[in-house]
Amino acid sequence: TNRRIEAESEEQRDIGTAVQYSVMSHFSREFMDLVRAIGDCKSKQEEDAIVGREVLNLRVRLADTQAQGRMRELIIRMMYCEMLGHRVEFGYIHAVNMAQRPAITEKRTGYLAATLFLDSSSELLILLVNTVQRDLKSSNQWEVCAALSAAARLIGADTIPA
């Protein structure tokens, strides 16, 4: 029985490693290092310094035309910084633009970021209304679901006429 328990334990470790590798493979090593560095911070000041550098880094990268291929990760990084209390309003438009992309993973990321970044009084919301309306009419259930989630969070009484 000890041998069986050891085999099961080893199997669980292998599964855990595979899951961790799978999650990490979707993000750059640099992003994983950022998450690890923030998690290892001993003080709020240390965390603020790291996130502040990341915000400056994001500002530069979003201005780079070569960043389009990595835009999804950059938006996720922006969400991470925003959730830690650092404003990244310079990149909000990129989230709205990502919600308009045809790939469902990008569309869902754009909608998720928009619901985090924007509120019902945001001027950028007007740019998102047409996308929501188009996606609600889609035959793709994933697009409809993403649009409904965003609409429930963002669309207020003053936006409905649009």
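Considering only residues of the range 123-138 that are free of Cβ contacts under 8 Å to residues at least 12 places away in the same chain and in a loop (DSSP other than H, G, I, E, B), which is surrounded by the most Cβ atoms within 10 Å (Cβ to Cβ)? For the range 123-138, the residue satisfying everything is S138.
Which residues, taken from the range 34-43, are assigned to a helix (DSSP H, G or I) and open to solvent by less than 70 Å² (accessible area, probe 1.4 Å)? Quick ask: steps written out before the conclusion?
Filtering the range 34-43 down to residues assigned to a helix (DSSP H, G or I) leaves 34-39.
Within the range 34-43, L34, V35, A37, I38, G39 qualify.
Inside the range 44-74, residues that are farther than 20 Å from R108 by Cα, open to solvent by 50 Å² or more (accessible area, probe 1.4 Å) and in contact (Cβ under 8 Å) with a residue 12 or more places away in the chain make up a count of 3. Scanning the range 102-122 for residues that are more than 15 Å from E73 (Cα to Cα), of a type in the set (A, V, I, L, M, F, W, C) and open to solvent by 20 Å² or more (accessible area, probe 1.4 Å) returns a single hit, L116.
Kindly indicate which of G39, G91, G110 is over 11 Å from the mean Cα position of the chain (by Cα), among the small types (G, A, S) and closer than 26 Å to A151 by Cα.
Values: G39 fails: closer than 26 Å to A151 by Cα; G110 fails: over 11 Å from the mean Cα position of the chain (by Cα).
Sole residue among the options that is over 11 Å from the mean Cα position of the chain (by Cα), among the small types (G, A, S) and closer than 26 Å to A151 by Cα: G91.
The values are calculated or read from the model by the stated rules, or taken from the named source; none is laboratory data. Owing to the predicted nature of the structure, the values given are computational and were not obtained by experimental measurement. Methodologically, a virtual Cβ is constructed for each residue, glycine included, from the backbone with ideal geometry; neighbour enumeration extends over all protein chains shown. The protein model used for the area step is the full one, side chains on, heavy atoms only, and it has no ligands, DNA or RNA in it. Shrake-Rupley method; radii C 1.70, N 1.55, O 1.52, S 1.80 Å.
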